[in-house]
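Asks: Below you'll find the structure I mean.
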Amino acid sequence: MARAERVEPAAGTEPAAARVRAHPSPALRRRRRGRALLYVAAVLLSLWVLVPTYLITVTAFTPRRAIFDFPKPVVPRQVSAETVSFFAHSSGVLAALVTSVVVALITLAISTTLGAPAGYALARYAFRGKSAYRLAILSTRAFPIVILAIPLAVTFITWGIYDTLLGVSLMHTALALPFTVLVTSSIFVTVPRELEEAARTLGCTPLGAFVRVVLPLALPGLAAAGIFTWELSWNEVFAATILTLDHPTLPALVISTLQGASLPFRFAAAWFMLAPALAGIFLIRRYLLGLWGRVGQ
């Protein structure tokens, strides 16, 4: 058999990929630079969120005698739950925690129940004044709640829902509902109308097509709206302060009782408020990413 000979490329005829790697085009350099800047911005934003969270957690679980030591080690040498336990067993804390969780769940349920159908109507139907309606929904957030404090308190007292879970939940729903409507409408727009029409031609009712086709594809967006609603209700303090007296939420209790508290006690309160919020985010986020992966398959 004839032996195959290796043919060397002639000078100046190196592969195009090698030439591109050696001398990238200006457009490629701009894309690489933009990607690098995006990564740097993502890292800085992550540090902006994670560093305070880490410092709050470390300080909350640092023994009181070591909390003012300087310089502080990055990894704490001593861990103690004494301050957090003391705060958790303080008067009214556990009751306020339960109140915050219940109010957030009620707000989430009402906002989703009312906001999802409204978002679907905005996404699917054309009607006169649609753009004005969107603007009107968003403009409700333009009014500072401070100027509504006294009228809200008087109205809630008249209705008999002042200092109740329902009263605070309705107020939080009013704050979260505009964004829930707009977010869900944007999600429903991305669901192809043809899929819904195909389901209806195969015998589904309009409600059946929505439940079987549209809703599974829109669930990631609803979960994202749920994250926002949960965080808004959990962190909201002003309305909860003016609309509660004997049954405050946890943020309202912290604001009213920690003005003269010691620094370790404040860090324990901050961690106690931070931990359930992060737990809610990670639970919904895990569900959200699972749905996105399922849809992308």
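The values are calculated or read from the model by the stated rules, or taken from the named source; none is laboratory data. This structure is a prediction, so every number in the text was calculated from the model and none was measured. Positions of Cβ are generated from backbone atoms using ideal geometry, with glycine treated the same way; all protein chains shown enter the neighbour counts.
Asks: From the list W234, W230, W271, W292, which one is in contact with a Gly (Cβ under 6 Å, 6 or more places away or on another chain) and either modelled with pLDDT under 85 or assigned to a helix (DSSP H, G or I) (or both)?
Replies: After ruling out the rest, the residue left standing is W230.
Asks: So F68 ticks every box in (1) within 30 Å of P251 (Cβ to Cβ); (2) surrounded by 11 or more Cβ atoms within 10 Å (Cβ to Cβ); (3) at pLDDT below 80 but one. Which box is left unticked?
Replies: The failed condition is (2).
Asks: Of all residues in region 191-214, which are under 24 Å from S111 (Cα atoms), touching a helix residue (DSSP H, G or I) at 6+ places or on another chain (Cβ under 8 Å) and in a helix (DSSP H, G or I)?
Replies: Of everything in region 191-214, those that are under 24 Å from S111 (Cα atoms), touching a helix residue (DSSP H, G or I) at 6+ places or on another chain (Cβ under 8 Å) and in a helix (DSSP H, G or I) turn out to be P206, G208, A209, F210, R212, V213, V214.
Asks: Which ones in region 163-197 are over 23 Å from the mean Cα position of the chain (by Cα) and within 28 Å of V214 (Cα to Cα)?
Replies: Scanning region 163-197 gives P192, R193, E194, L195, E196, E197.
Asks: Condition check: free of Cβ contacts under 8 Å to residues at least 24 places away in the same chain, within 22 Å of the chain's Cα centre (by Cα) and under 25 Å from R266 (Cα atoms). Does V98 satisfy that? Spell out how you get there, then give the answer.
Replies: On the way: free of Cβ contacts under 8 Å to residues at least 24 places away in the same chain: yes; within 22 Å of the chain's Cα centre (by Cα): yes; under 25 Å from R266 (Cα atoms): yes.
Yes; evaluated as a whole, the condition is true for this residue.
Asks: Only one of V214, V191 is surrounded by 15 or more Cβ atoms within 10 Å (Cβ to Cβ) and touching an Asp or Glu at 6+ places or on another chain (Cβ under 9 Å). Can you tell me which?
Replies: On inspection, the qualifying residue turns out to be V214.
Asks: Kindly indicate which of T62, T107 is within 18 Å of G280 (Cβ to Cβ) and either modelled with pLDDT under 85 or of a type outside the set (K, R) (or both).
Replies: Details: T62 fails: within 18 Å of G280 (Cβ to Cβ).
Matching residue, one of T62, T107: T107.
Asks: At pLDDT 80 or above, under 23 Å from the mean Cα position of the chain (by Cα) and over 30 Å from T59 (Cα atoms): is that true of G160 in this structure?
Replies: Here the answer is no, as G160 does not meet what is asked.
Asks: Separate question: Among the residues that make up region 166-187, is at least one of them free of Cβ contacts under 8 Å to residues at least 24 places away in the same chain and part of a helix (DSSP H, G or I)?
Replies: Quick first cut of region 166-187, residues free of Cβ contacts under 8 Å to residues at least 24 places away in the same chain only: none.
Checked region 166-187: no residue is free of Cβ contacts under 8 Å to residues at least 24 places away in the same chain and part of a helix (DSSP H, G or I).
Asks: OK, next. What are the pairs, 6+ residues apart or on separate chains, where a residue within region 133-144 that is surrounded by fewer than 11 Cβ atoms within 10 Å (Cβ to Cβ) has its Cβ under 6 Å from a residue that is among the acidic types (D, E) and not in a helix (DSSP H, G or I)?
Replies: Going by the 6 Å Cβ cut-off, there are no qualifying pairs.
Asks: Among what's in region 71-85 and is under 30 Å from the mean Cα position of the chain (by Cα) and in a helix (DSSP H, G or I), pick the residue that is surrounded by the most Cβ atoms within 10 Å (Cβ to Cβ).
Replies: T83
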